[in-house]
Amino acid sequence: MKKSPLVKWVGVGSAGCHILKRLALEWSDCPPLLALHTRQDVLDSLSGMDVLTLGEGMTEGMSTGGDAEIGRKAAAASIGEIENALQGVQFVVLLAGLGGGTGSGAVPLVAEAARRCGARTLAFCTLPFFFEGALRRETADQGLVELKKHAEAVILFPNQRLLEKIHASGALQSTFDKVSDVVASSLRGLWKLLTQPGVIQLDFADLCRMITTSGGVLAMAQAEAVGSERAAAVVRAISDSPLLEHDAVIGSAAALLIGVLGGPDLTLTELQTVVTGLSVQARTGVELHFGATVDPEAGGRLQVVVLASETVHPPAVVPVPVNPPESTKTNPGDREPSLTQTTLPLNNQARGRFEAMEPTVYRKMNLDEPTYLRRGLRLSGKV
Ligand SMILES: Nc1nc2c(ncn2[C@@H]2O[C@H](COP(=O)(O)OP(=O)(O)OP(=O)(O)O)[C@@H](O)[C@H]2O)c(=O)[nH]1
Ligand SMILES: [Mg+2]
């Protein structure tokens with residue numbers, strides 16, 4: 001067996017608790033689970049996990065009504081109990097739906113408490129659906145800013161993109177169940193890859209390295225397929241996943257983790273198809289981690305989990321400040337002498353072996369002539 005750190009999965013608020021519930025439902029030997037909420041009725045409905053009421057008495061067992069400040073205060077009031085529950089844990093996995101008051105307000109404090117207890121902290125958070133409006137989005141954004149200060153990495157699941165993935169048309173509750181199930185099965189797949197013996201080992205060291213390279217935010221997607229074309233099918237599904245912005249995230253990621261879970265019939269050719277098919281979309285020099293685990297429970301299913309560090313929108317150019325800040329200004333006496341450009345006495349007009357050829361003329365410009373000469377430009381400053 002691989003050496004696994006002591007892990008605890010902590011769900012915060014309704015969405016966090018709901019994802020825990022879906023995890024517990026399908027995963028008999030899951031890691032220890034802890035549910036935190038201001039809402040007593042939600043906690044009372046859970047089984048197979050520890051529960052802790054945040055800010056006992058502060059909200060009279062109700063939710064915060066979307067107020068993240070109340071969520072923060074409720075977590076602060078219960079911080080001692082939270083720390084007690086996290087003592088000795090080496091890896092804390094946080095789950096929350098950003099946008100509500102409990103999750104957005106409390107989860108940054110729980111992450112901070114986990115770090116104080118010496119645990120590595122990873123958060124998986126959903127972002128609101130578009131229809132939920134600007135206020136929820138703002139609450140989510142602020143929660144994310146706070147969370148990033150304390151969690152080592154945040155993996156985001158925008159609900160709108162999850163919805164695109166499941167093509168929901170049924171009842172509201174079943175849509176939420178399906179949306180949470182996508183998150184739960186991704187997490188479960190990742191955890192199996194990290195903790196079960198692998199044919200090609202993928203472990204917590206790979207994850208920690210990813211976290212360090214990620215700059216804090218990661219995207220995640222998973223796909224499953226059966227049948228003889230299952231390897232090509234999962235590559236297509238991952239490449240087309242709305243959670244990875246249809247391969248844009250893979251294309252710009254600094255680091256990529258590809259985990260393949262298959263039954264005893266998993267072949268090397270399939271592994272090669274998956275890893276090559278996905279890594280070929282990545283940029284040159286990407287930090288690639290991959291692994292494969294044979295899961296006796298997989299049957300004929302092939303599951304692939306991808307984590308990509310979000311460097312989706314790096315600044316194309318670092319702008320040069322027009323006026324340098326005070327601290328970088330130098331005394332006039334310290335300045336290097338400014339460079340002047342002189343015209344060299346070159347008069348070499350011979351065109352060598354191109355002598356007999358017509359010049360390349362476009363809109364009356366001779367394109368064979370260097371641009372700076374053609375435009376009469378003088379080079380300035382240091383090169
Ligand atoms: N994937 C998923 N997202 C959910 C679920 N429930 C809520 N959400 C999302 O999570 C966000 C936060 O909602 P809740 O989890 O109910 O909020 P809370 O943390 O309980 O906070 P308050 O109820 O305001 O105290 C919502 O805006 C939804 O986008 C769920 O079951 N699954
Ligand atoms: Mg709620």
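Measuring between alpha carbons in the structure, the pairs from Lys8/Lys192; Lys8/Lys178; Lys73/Lys148; Lys21/Lys192; Lys73/Lys178 lying more than 26 angstrom apart are Lys73/Lys178. Each Lys and Arg contributes +1 and each Asp and Glu -1, all at the Cβ; summed about the Cα centre of region 183-234, the dipole is approximately 80 debye.
Might you report the magnitude of the Cβ-based charge dipole of region 44-103 about its Cα centre, with Lys and Arg at +1 and Asp and Glu at -1, to the nearest 20 debye? Please list the in-between numbers first.
Details: 2 positive and 8 negative charges, 38 e Å.
Taking the Cα centre of region 44-103 as origin, the dipole is about 180 debye.
Please work out whether region 63-128 counts as rounded, prolate or oblate from its C-alpha gyration tensor, where a ≥ b ≥ c are the square roots of the eigenvalues and a/c under 1.5 means rounded, while otherwise a/b larger than b/c means prolate and anything else oblate? Taking the square roots of the gyration eigenvalues as a ≥ b ≥ c, region 63-128 is oblate.
Go through 152-159, 51-58 and give me the packing order, highest mean Cβ count within 10 Å leading. Numbers along the way, then the final one.
On the way: 152-159: 22.8, 51-58: 18.2.
Highest-to-lowest ranking by the protection proxy: 152-159, 51-58.
Ranked by the mean number of other Cβ atoms within 10 Å of their residues, highest first, the peptides 247-260, 206-219 come out as 247-260, 206-219.
Just to verify a number: FRET efficiency for Ala76 and Glu164, C-beta to C-beta distance, R0 = 22 Å, to 0.05?
On the way: r = 37 Å, r/R0 = 1.67.
So, using R0 = 22 Å, E works out to roughly 0.05.
Around Val235, what is the net charge, scoring Lys/Arg as +1 and Asp/Glu as -1 over all other residues with Cβ under 13 Å from its Cβ? Summing Lys and Arg as +1 and Asp and Glu as -1 gives -3.
The residue among Asn84, Gly99, Gly48 whose Cα reaches farthest toward the positive pole of the charge dipole of region 13-120, with charges on the beta-carbon of Lys, Arg, Asp and Glu, is Gly99.
Throughout, read-outs are computed from the coordinates displayed, never taken from laboratory work. Quick caveat: nothing in here was measured; it's all calculated off a predicted structure. In this analysis, Cβ positions are derived from the backbone assuming ideal geometry, glycine residues included, and neighbour counts consider all displayed protein chains.
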